[in-house]
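The values are calculated or read from the model by the stated rules, or taken from the named source; none is laboratory data. Here the structure is a predicted model, which means the values were calculated and not measured. Glycine also receives a Cβ, built like all others from the backbone with ideal geometry; neighbour counts cover every protein chain displayed.
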Amino acid sequence: MRNLIKRIFDLVLSTAVLIIVSPLFLILIIVLWLSGDHEIFYTQWRIGYQNKAFRIIKFATMVKDSPNIGTGSITLRNDPRVTKNGKFLRKSKLNELPQIINVITGDMSLVGPRPQLEADFIKFPMHIQEILYNVKPGITGIGSIVFRDEEKWISIAPGDKHEFYRQHIAPYKGELELWYQRNISFYTDLMLIFLTAWMIIASNSNLVFNVFKDLPKKPEELN
C-alpha cells in the first residue's frame, strides 16, 4: 500500500509540475540549442531500482564526452567541462527537471537515493550496494540534500579524488540512504521536497540536521 501511495503521489505531482514548468522547458531548450554544442538533453545509463540500469534524462550542462575527460564521473567545483549555461543550470538544479519524465515512466521517484553511474556505484561498501536501490532512485533525497556541496568537498580533498569518494563520501551517503529506507513515509518525502527547495535558496543551511535529528553523524573528513 505504501508503494502504491508513493507512486500515485509521484504521478500526480510530477505531471502537475511538468505542466506548470512547460514554458520554462521551452525557454531552456531554445537557450541550449542556440549555445555551446547545441546539446539540449543528456542521457546516461544509471543504476536504478533493484540495481537495474536505466537511462536518466537531464539538460546538458557539460561538454560532449565529458565522462571520458578530466576527472571522469566526478565533477569538481569550477570544473572546466561545465559550460557557461551549465553552471547556472547546475547551481539552480534546473538541469534535473527533465527527470520528471523518468518519474512519470516509473524509472524514478520524486524522492529516493540518487541514481549512480556504475563507476561510482561500485565505490559504495558492498552491504550498501546490495540494498541501496531497494527503493526507486529519486530526483532528490536525503543524500542529495546533505551532499549539496559535494563538488566543494571533492575539490578540496587531498590526493586521489576517486579514492576520497570511495573512503569518505560513498560510505556516509550510503548510511544516509539506509536511514531513509528505515524512515520512509509520506511525511519524510514531503519534508525532503521542502528541504530541497530551501537548500536552493540557502545552500549552506544545516536545517536538515535540525529537522531530522537522528541522521547518521557526518564524518570528520566532511565537516
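Being in contact with a helix residue (DSSP H, G or I) (Cβ under 7 Å, 6 or more places away or on another chain), of a type in the set (Lys, Arg) and over 22 Å from Leu97 (Cβ atoms) is true of Lys161.
The number of residues in segment 108-123 that are part of a strand (DSSP E or B) and aliphatic (A, V, I, L, M) comes to 2. Scanning segment 54-88 for residues that are of a type in the set (A, V, I, L, M) and either within 17 Å of Phe147 (Cα to Cα) or at pLDDT 95 or above (or both), we see that the one that is surrounded by the fewest Cβ atoms within 10 Å (Cβ to Cβ) is Leu76. Of the candidates Leu32, Leu13, Leu24, the single residue that is closer than 30 Å to Gln129 by Cα and either part of a helix (DSSP H, G or I) or modelled with pLDDT under 90 (or both) is Leu13. For Arg46, the conditions (1) part of a helix (DSSP H, G or I); (2) surrounded by 12 or more Cβ atoms within 10 Å (Cβ to Cβ); (3) modelled with pLDDT of 90 or more all hold with the exception of (1). One residue stands out among those in segment 3-43 that are without any contact (Cβ under 8 Å) to a residue 60 or more places away in the chain and hydroxyl-bearing (Ser, Thr, Tyr): the one that is surrounded by the fewest Cβ atoms within 10 Å (Cβ to Cβ), which is Ser22.
Can you name every residue in segment 158-217 that is among the basic types (Lys, Arg) and within 22 Å of Ser109 (Cα to Cα)? Even if it seems obvious, please write down each step before you answer.
First pass over segment 158-217, keeping only residues among the basic types (Lys, Arg): 161, 166, 173, 182, 213, 217.
Within segment 158-217, Lys173, Arg182 qualify.
Taken over segment 163-218, the residue count meeting the criterion of being of a type in the set (S, T, N, Q), within 27 Å of Leu94 (Cβ to Cβ) and surrounded by 13 or more Cβ atoms within 10 Å (Cβ to Cβ) is 3.
Only one of Lys136, Lys123 is under 19 Å from the mean Cα position of the chain (by Cα), charged (D, E, K, R) and under 30 Å from Val12 (Cα atoms). Can you tell me which? Just a single option satisfies the conditions, and that option is Lys136.
Quick check on Ile169: is it outside any loop (DSSP other than H, G, I, E, B), more than 21 Å from Asp79 (Cα to Cα) and within 15 Å of the chain's Cα centre (by Cα)? Before you say what the answer is, go through the steps one by one.
Working: outside any loop (DSSP other than H, G, I, E, B): yes; more than 21 Å from Asp79 (Cα to Cα): no; within 15 Å of the chain's Cα centre (by Cα): yes.
Considered against the rule, which asks whether it is outside any loop (DSSP other than H, G, I, E, B), more than 21 Å from Asp79 (Cα to Cα) and within 15 Å of the chain's Cα centre (by Cα), Ile169 comes out as no.
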